[in-house]
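Trainee: Next up is a structure, given as structure tokens.
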Amino acid sequence: MRHLISMEDLTRDEVVRILDVAEQLLPIALRERRSVPTLRGKAVCNLFLEDSTRTRLSFDLAAKRMSAEVLNFSAKGSSVSKGESFKDTALTLNAMGVDCVVVRSHSAGAPVQLASYLDVPILNAGDGWHQHPTQALLDVFTMRRHLGDLEGRTVVIVGDILHSRVARSEVQALKLLGAEVVLVAPPTLLPPAVEGWGVRIASDLDAVLPEVDVVYLLRVQRERMRGAFFPSSREYARIWGMDERRLGLVKPDALVMHPGPMNRGVEITADVADAHQQVITEQVTNGIAVRMACLYLLLAGEGPALAGDDTEEAA
């Protein structure tokens with residue numbers, strides 16, 4: 001891979017390759033094995049121009065467990081907040097000799113723009129409403145570990161599809177792996193061109209739940225809403241939220257997933273968030289392994305087999 005900017009950039013074989021490498025690296029993410037020195041001497045910059053906790057920390061840990069040097073750059077308190085242009089920030093990073101930039105921005109297309117300024121791999125950690133490829137990859141990785149091959153499986157994605165970059169990437173990843181995707185959302189939170197996504201649209205969540213293998217709940221993104229998209233949080237929870245009654249409608253081995261952070265009592269109740277079928281905290285751990293795999297494939301290529309790498313204590 002040259003860059004990882006969108007799920008649209010990947011073939012099915014490339015997705016499977018990332019998931020297979022992540023499986024090899026999972027013991028390091030779980031701290032069952034020592035770190036690998038594969039990226040020793042490489043400098044990875046986390047350029048986060050939009051607030052983030054989980055994703056930023058996940059990329060930070062992923063790079064460090066591959067023994068890379070990490071530079072963390074956030075907009076607050078930086079030269080960007082003083083008026084420096086995006087291009088000048090990129091040129092500054094180039095002058096510092098970084099080997100890879102992980103970028104997160106509220107502006108769709110920022111990773112593509114950055115790739116035009118720099119001659120190093122760019123990894124998209126979320127850009128506006130556009131894409132969040134590593135979230136989709138860690139999610140399908142989690143599904144595959146529990147369900148095996150996703151060919152013919154059914155996944156329902158519930159909630160704020162309109163503002164969700166996760167939903168766009170998720171649909172593309174699942175379709176590449178042969179899964180059927182069903183979207184359930186308030187009509188006001190469905191994108192205008194959603195019919196072209198190649199998914200099934202349903203209005204009755206209760207009717208869909210018995211047939212699905214995964215219930216994927218999206219966060220209601222109030223910070224991106226400019227208007228009233230549904231009457232109230234209570235009404236949203238009643239019609240589209242996942243509660244104990246609805247959990248009883250799904251298959252016993254069905255998974256409940258959420259990209260986080262959760263709005264408990266809105267898209268998910270506390271009892272569902274803590275139920276045995278949820279794999280939400282597992283998604284976080286798996287995210288470290290998947291992001292390690294992405295960094296490995298971007299910076300080390302195919303290289304030697306990971307199992308053959310010497311290991312060292314994590315810094």
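Trainee: Please return the ranges of helices (runs of 4 or more DSSP H) entirely within the stretch 37-146 where 2 or more residues are buried (at least 24 other Cβ atoms within 10 Å of the Cβ) and assigned by TED's automatic domain parsing to the domain that holds PRO27.
Mentor: Working: elements: 54-65, 86-96, 110-117.
Result: 54-65, 110-117.
Trainee: Quick one: in the stretch 147-187, which of the residues that are part of a loop (DSSP other than H, G, I, E, B) and of a type in the set (A, V, I, L, M) is surrounded by the fewest Cβ atoms within 10 Å (Cβ to Cβ)?
Mentor: Of all residues in the stretch 147-187, those part of a loop (DSSP other than H, G, I, E, B) come to 148-153, 159-164, 177-179, 185-186.
Then keep just the ones that are of a type in the set (A, V, I, L, M); that gives 150, 161-162, 177, 179, 185.
Details: LEU150: 21, ILE161: 24, LEU162: 20, LEU177: 18, ALA179: 22, ALA185: 25.
Looking at the filtered set, the residue picked out is LEU177.
Trainee: Among the residues of the stretch 104-148, what is the count of those that are more than 29 Å from VAL256 (Cβ to Cβ) and more than 16 Å from the chain's Cα centre (by Cα)?
Mentor: The number of residues fulfilling the criteria is 13.
Trainee: Go over the candidates ARG246, ARG291, ARG200, ARG264 one by one and state the one that is in contact with a helix residue (DSSP H, G or I) (Cβ under 7 Å, 6 or more places away or on another chain), at pLDDT 95 or above, closer than 16 Å to VAL158 by Cα and of a type in the set (Lys, Arg).
Mentor: Working: ARG291 fails: closer than 16 Å to VAL158 by Cα; ARG200 fails: in contact with a helix residue (DSSP H, G or I) (Cβ under 7 Å, 6 or more places away or on another chain); ARG264 fails: at pLDDT 95 or above.
Sole residue among the options that is in contact with a helix residue (DSSP H, G or I) (Cβ under 7 Å, 6 or more places away or on another chain), at pLDDT 95 or above, closer than 16 Å to VAL158 by Cα and of a type in the set (Lys, Arg): ARG246.
Trainee: If the requirement is being within 19 Å of TYR117 (Cα to Cα) and of a type in the set (Gly, Ala, Ser), which of these qualifies: ALA63, ALA95, ALA68? Quick ask: steps written out before the conclusion?
Mentor: Numbers: ALA63 fails: within 19 Å of TYR117 (Cα to Cα); ALA68 fails: within 19 Å of TYR117 (Cα to Cα).
Result: ALA95 is the single residue among ALA63, ALA95, ALA68 that is within 19 Å of TYR117 (Cα to Cα) and of a type in the set (Gly, Ala, Ser).
Trainee: So if I check each of GLU23, GLU14, which one is acidic (Asp, Glu), surrounded by fewer than 20 Cβ atoms within 10 Å (Cβ to Cβ) and in contact (Cβ under 8 Å) with a residue 40 or more places away in the chain? Break it down into steps so the answer makes sense when it comes.
Mentor: Details: GLU14 fails: in contact (Cβ under 8 Å) with a residue 40 or more places away in the chain.
After ruling out the rest, the residue left standing is GLU23.
The values are calculated or read from the model by the stated rules, or taken from the named source; none is laboratory data. Fair warning: this is a prediction, and the values are worked out from it, not measured in the lab. Please note: Cβ atoms are built from the backbone with ideal geometry, for glycine as well, and neighbour counts cover all protein chains shown.
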